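Participant: First, the structure itself, so that you have it in front of you.
The values are calculated or read from the model by the stated rules, or taken from the named source; none is laboratory data. The structure displayed is predicted, hence computed values, not measured ones. Note that each Cβ is placed from the backbone with ideal geometry, even for glycine, and that neighbours are counted across all protein chains shown. The protein model used for the area step is the full one, side chains on, heavy atoms only, and it has no ligands, DNA or RNA in it. Shrake-Rupley method; radii C 1.70, N 1.55, O 1.52, S 1.80 Å.
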Amino acid sequence: MIEGSNKIQVFKPHSSALPPLKPYLSDLWRRREFATELSKFSDKAEYLESKLGKVWLVLNPLFLAVIYYLLVTVIQGRSAQTNSFTILCHILIGLFTFYFAQNCILLGAQSITSGGRLILNQAFPRSLLPLSSAISAARQFLPTLPVYISIVLIGKLVFNDAALPGFTWNYLLIPLVLILLVITSFGLSLLFATMNVYFRDTTKLLSYIMRIWLYASPVLWQPEMLTGWHRIILYLNPLGPILSANSRIWIDGLTPTLAQLIGCLFWAVSSMLLGGYFFISRERDFAIRI
């Protein structure tokens, strides 16, 4: 027997620690085209057998907006208090915006476990997979913006809805709000992607969590409904300030309040730091856990 031949090599998970961030981020940026191409491939595969294809990206929130509009206005009898078309626009832009965050989180949460073969056979920053999911969510969200703009114009011009303001300089703040939404959603997707590696039931629970999250967000109800200390509920929700600021710009044509802007910045930075830390510090462990 050769000396040392009876030794057993044991592979253990890596300890949770951040790698050198500068080389990591440099490699991530250098391989950004990989995330873009993977996103395009995933989009083609998703709508390959659908005759309507990406039309469902618009039809689905439109149908749901009408259903929720009927629940809010007809069943609850709120049409007398607020202009019905304004309520519909608020629900519609809320659903479009929330669905972007939902798709980013859900797709990102599954990106690591579904990309197991890539992880086992290639060396690359694993955050490229959630990044690809975020790009896919953004590609699905952008076609809905012209639809919403058209609906606002119809309400303003055809129905002469005075509650919907004309386009003002405040609409230039919409890209800033959307950037903060992207950062927040991507940070949360990193967090849930890490959790899904260790607890595979995470994605199953997420579908229920996102439904409750929708009802707890200012989509089916307006932020002005919360008064006094109840308004803290709005800011405990990571998407609450962003949805409120987005609605304030689109519906009222006003600049977001200082509290809304601070809330948007807080959740964008917090989710990115928290999600990024948990993901990057544990991604060397993914190949063993998958």
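Participant: Just name the residue that is modelled with the lowest pLDDT out of those in region 243-258 that are in contact with a Ser or Thr (Cβ under 7 Å, 6 or more places away or on another chain) and assigned to a helix (DSSP H, G or I).
Facilitator: So, considering only residues that are in contact with a Ser or Thr (Cβ under 7 Å, 6 or more places away or on another chain) and assigned to a helix (DSSP H, G or I), the one modelled with the lowest pLDDT is ILE251.
Participant: Right, here's the next one. Among residues belonging to region 43-74 that are open to solvent by 50 Å² or more (accessible area, probe 1.4 Å), assigned to a helix (DSSP H, G or I) and under 30 Å from LEU128 (Cβ atoms), point out the one that is modelled with the lowest pLDDT.
Facilitator: Only one residue tops the list, namely ALA45.
Participant: Check region 273-280 and report whether any residue there is touching a residue at least 12 places away in the same chain (Cβ under 8 Å) and farther than 30 Å from LEU25 by Cβ.
Facilitator: Looking for residues that are touching a residue at least 12 places away in the same chain (Cβ under 8 Å) and farther than 30 Å from LEU25 by Cβ, one finds none in region 273-280, hence no.
Participant: Continuing with this model, one more query. Could you check region 225-242 and list, in sequence order, the residues that are open to solvent by less than 10 Å² (accessible area, probe 1.4 Å) and assigned to a helix (DSSP H, G or I)?
Facilitator: Within region 225-242, LEU234, GLY240, PRO241, ILE242 meet the criteria.
Participant: Show the residue pairs that are 6+ apart or on different chains and have beta-carbon atoms under 7 Å apart, the first residue being within region 27-39 and touching a residue at least 12 places away in the same chain (Cβ under 8 Å) and crowded, with 19+ Cβ neighbours inside 10 Å, the second being in a helix (DSSP H, G or I) and of a type in the set (S, T, N, Q).
Facilitator: Once the first residue is touching a residue at least 12 places away in the same chain (Cβ under 8 Å) and crowded, with 19+ Cβ neighbours inside 10 Å and sits in region 27-39, its partners that are in a helix (DSSP H, G or I) and of a type in the set (S, T, N, Q) give ALA35/SER132; LEU38/SER132; SER39/SER132; SER39/SER136.
Participant: Could you tell me which of the residues LEU95, LEU128, LEU120 is open to solvent by 10 Å² or more (accessible area, probe 1.4 Å) and out of contact with any strand residue (DSSP E or B) (no Cβ under 7 Å at 6 or more places or on another chain)?
Facilitator: LEU120
Participant: Looking only at region 189-208, filter to residues that are within 16 Å of the chain's Cα centre (by Cα) and open to solvent by 20 Å² or more (accessible area, probe 1.4 Å); which one of those is farthest from ILE112 (Cα to Cα)?
Facilitator: Ranking the candidates gives TYR208 first.
Participant: Moving on to the next point. Output the number of residues of region 173-223 satisfying the condition of being among the basic types (Lys, Arg) and in a helix (DSSP H, G or I).
Facilitator: Qualifying residue count, region 173-223: 2.
Participant: Take the residues in region 134-182 that are among the hydroxyl-bearing types (Ser, Thr, Tyr) and either over 29 Å from LEU106 (Cβ atoms) or over 15 Å from the mean Cα position of the chain (by Cα) (or both); name whichever of them is modelled with the highest pLDDT.
Facilitator: TYR171
Participant: Taking LEU273 as the residue in question, decide whether it is open to solvent by 40 Å² or more (accessible area, probe 1.4 Å) and at pLDDT 90 or above.
Facilitator: Criteria met by LEU273.
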